[in-house]
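Heads up: the structure comes next, in structure tokens.
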Amino acid sequence: EPSQTTAASGQTTRQDTATSTKPAIEIIGMHKWYGDFHVLRDINLTVGDGERIVIAGPSGSGKSTLIRCVNRLEEHQEGQIIVNGVELTADLKRIDEVRREVGMVFQHFNLFPHLTILQNLTLAPIWVRGTPKAAAEATAMHYLERVKIPEQANKFPGQLSGGQQQRVAIARSLCMQPRIMLFDEPTSALDPEMVKEVLDVMISLAEEGMTMICVTHEMGFARQVADRVIFMDQGQIIEQNEPEQFFSNPQHERTKLFLSQIL
Ligand code: ADP
Ligand code: MG
């Protein structure tokens, strides 16, 4: 069953015994078009509870579109997407139910520049979830400590480095207590010296059992935390495997070519 939120605390309680056997995400025969352009073709993907998936593939292969379909920032036209047992349809009430369970972190952090870090973290919990301000701030400080920048709480985004801003963006998602985290190339806009601090946060989330889909070209990260690497090209899943096999023994020419270019 979907989780329940108690208005008083804003805390999410979960009926884990009921949900643990259900996949977190199930995509069946899914297609998407942008106008005439067939961008996703017959996508089939099941992500178990606590599973960590890395999606790799050339630019334009549909990676962003796929994960944006999972929290319905984009609509698919054929097939099914089922998130925490709820099928994504045009029924808006259910979409909200799903979105609150799915956090998303983008390449560009999309923080509000005129709000402090603390305000960025408490905005949605207060206004979307109805969490009392003090409780929202306590949760925000908890996650700022998790991403190791509690001392930045009262600064503005422009005063932080790119790596710090991306850690704020991750903390902001965690404040909504999602069950699933989607990452879309979270380190690709960062200066090289800031990549590790963001990957370290993602690794610790993975180690704690968060269900994650990460679009990334950080193959070291994929080797370390992924249960499965999915390779996409031209809107299709070309192959998938556990990381050791994926890297040492790619099956398809397109995968071999891609790996030869990035490794
Ligand atoms: P990736 O994340 O793998 O680089 P995208 O999912 O962003 O790929 O894009 C897949 C394809 O869809 C690309 O050819 C891109 O140009 C196209 N595309 C992406 N967004 C739109 C859109 N809103 N309208 C039309 N075409 C789009
Ligand atoms: Mg993309």
Checklist line | Breaking point among (1) surrounded by fewer than 18 Cβ atoms within 10 Å (Cβ to Cβ); (2) modelled with pLDDT of 95 or more; (3) more than 16 Å from ligand 1 (Cβ to nearest atom), for P192 | finding: (2)
Item checked: L199 being within 15 Å of the chain's Cα centre (by Cα), away from ligand 1 (no atom under 16 Å from the Cβ) and modelled with pLDDT of 95 or more -> yes
Notebook entry, point to check: Right, I170: within 16 Å of ligand 1 (Cβ to nearest atom), of a type in the set (A, V, I, L, M, F, W, C) and not in a loop (DSSP other than H, G, I, E, B) or not?
Noted result: no
Check: Across region 54-80, what is the total count of residues that are in contact with an Asp or Glu (Cβ under 7 Å, 6 or more places away or on another chain) and within 16 Å of ligand 1 (Cβ to nearest atom)?
Finding: 7
Check: What number goes with the only condition from (1) surrounded by fewer than 18 Cβ atoms within 10 Å (Cβ to Cβ); (2) within 21 Å of T46 (Cα to Cα) that Q261 does not pass?
Finding: (2)
Notebook entry, point to check: Do we have M181 as buried (at least 18 other Cβ atoms within 10 Å of the Cβ), of a type in the set (A, V, I, L, M) and at pLDDT below 95 here?
Noted result: no
Note to self: Let me spell it out: the conditions are (1) within 15 Å of ligand 1 (Cβ to nearest atom); (2) modelled with pLDDT of 95 or more; (3) surrounded by fewer than 21 Cβ atoms within 10 Å (Cβ to Cβ), and H252 meets all of them except one. Which number is the exception?
What the structure shows: (1)
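The values are calculated or read from the model by the stated rules, or taken from the named source; none is laboratory data. No experiment lies behind these values; they were computed from the predicted model shown. All Cβ positions, glycine included, derive from the backbone under ideal geometry; neighbour counts span all protein chains shown.
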